[in-house]
Amino acid sequence: MHEVIDVPGIKAIGPYSQAVRANGFLFVSGQPGVVPETGEAAGPTLEAQARQAFENLRRVVEAGGSGMDRVVNTTVLVADISQFGVVNELFAEYFAASPPARMTMQVPLPKGLLFSIGCVAVVR
């Protein structure tokens, strides 16, 4: 059994679910640094987009019945790996107490985006 999580205001940019809850876990699709109300990038920098992506991730995780403190694994995509220091700073900010496992890759992202983060979280 699994349940698709619909998060009002946050839309997928393709044919996939924002999150799926199954067997006590929440699987969250990559959240880009897009402002939900406009569908536009949060700014021209990786930091601005990443901060928005973390906030989008938080909204989806909470809508799925979990919390950032219950995230156990993340996948981070960056357009420019030279910005890895910025990623580390924000990761430490959003996951201060007990950071989850992480895989980070440099990849081209759609629509000129610079950052995306997805995760697996334990449901409360």
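On the basis of being among the aromatic types (Phe, Trp, Tyr), farther than 21 Å from VAL122 by Cα and in contact (Cβ under 8 Å) with a residue 12 or more places away in the chain, does PHE84 make the cut? Give the steps one after another, and end with the answer.
Values: among the aromatic types (Phe, Trp, Tyr): yes; farther than 21 Å from VAL122 by Cα: yes; in contact (Cβ under 8 Å) with a residue 12 or more places away in the chain: yes.
So PHE84 passes the test.
With respect to ASP6, is the statement that it is acidic (Asp, Glu), at pLDDT 95 or above and open to solvent by 70 Å² or more (accessible area, probe 1.4 Å) true? Even if it seems obvious, please write down each step before you answer.
Values: acidic (Asp, Glu): yes; at pLDDT 95 or above: no; open to solvent by 70 Å² or more (accessible area, probe 1.4 Å): yes.
No: the conditions fail for ASP6.
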Exercise. For the range 13-22, does any single residue satisfy the condition of being at pLDDT 95 or above and out of contact with any strand residue (DSSP E or B) (no Cβ under 6 Å at 6 or more places or on another chain)?
Worked result: yes
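Can you pull out every residue in the range 11-41 that is in a loop (DSSP other than H, G, I, E, B) and buried (at least 20 other Cβ atoms within 10 Å of the Cβ)? Full working, then the answer.
Of the residues in the range 11-41, the ones in a loop (DSSP other than H, G, I, E, B) are 11-18, 23-24, 33, 35-40.
Matches in the range 11-41: GLN18, GLY33.
Kindly establish whether GLN83 is polar (S, T, N, Q) and under 11 Å from the mean Cα position of the chain (by Cα).
Numbers: polar (S, T, N, Q): yes; under 11 Å from the mean Cα position of the chain (by Cα): no.
No; evaluated as a whole, the condition is false for this residue.
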Problem set entry | Considering residues of the range 42-81 that are assigned to a loop (DSSP other than H, G, I, E, B) and in contact with a strand residue (DSSP E or B) (Cβ under 6 Å, 6 or more places away or on another chain) only, the residue farthest from LYS111 (Cα to Cα) | SER66
For this session: Please work out which one of (1) open to solvent by 20 Å² or more (accessible area, probe 1.4 Å); (2) of a type outside the set (Val, Ile, Thr); (3) in contact (Cβ under 8 Å) with a residue 60 or more places away in the chain is the condition GLU47 fails and give its number.
Result: (3)
For this session: Just give me the residues in the range 92-124 being within 27 Å of ASN23 (Cα to Cα) and of a type in the set (A, V, I, L, M), in sequence order.
Result: ALA96, ALA97, ALA101, MET103, ILE117, VAL120, ALA121, VAL122, VAL123
Problem set entry | Cβ pairs under 6 Å, 6+ apart, first in the range 92-114 and assigned to a helix (DSSP H, G or I), second hydrophobic (A, V, I, L, M, F, W, C) | TYR94/PHE54
For this session: Quick one: count up the residues across the range 53-80 that are closer than 18 Å to GLY112 by Cα and more than 9 Å from the chain's Cα centre (by Cα).
Result: 4
Problem set entry | Matching residues in the range 88-114 - criterion: being in contact with a strand residue (DSSP E or B) (Cβ under 6 Å, 6 or more places away or on another chain) and open to solvent by less than 30 Å² (accessible area, probe 1.4 Å) | PRO100, LEU113
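The values are calculated or read from the model by the stated rules, or taken from the named source; none is laboratory data. Remember, it's a predicted structure, so these values are computed and weren't measured experimentally. All Cβ positions, even for glycine, are placed from backbone atoms using ideal geometry, and neighbour counts span all protein chains on display. Areas reflect the complete protein model, heavy atoms only, side chains present, ligands, DNA and RNA absent. Shrake-Rupley method; radii C 1.70, N 1.55, O 1.52, S 1.80 Å.
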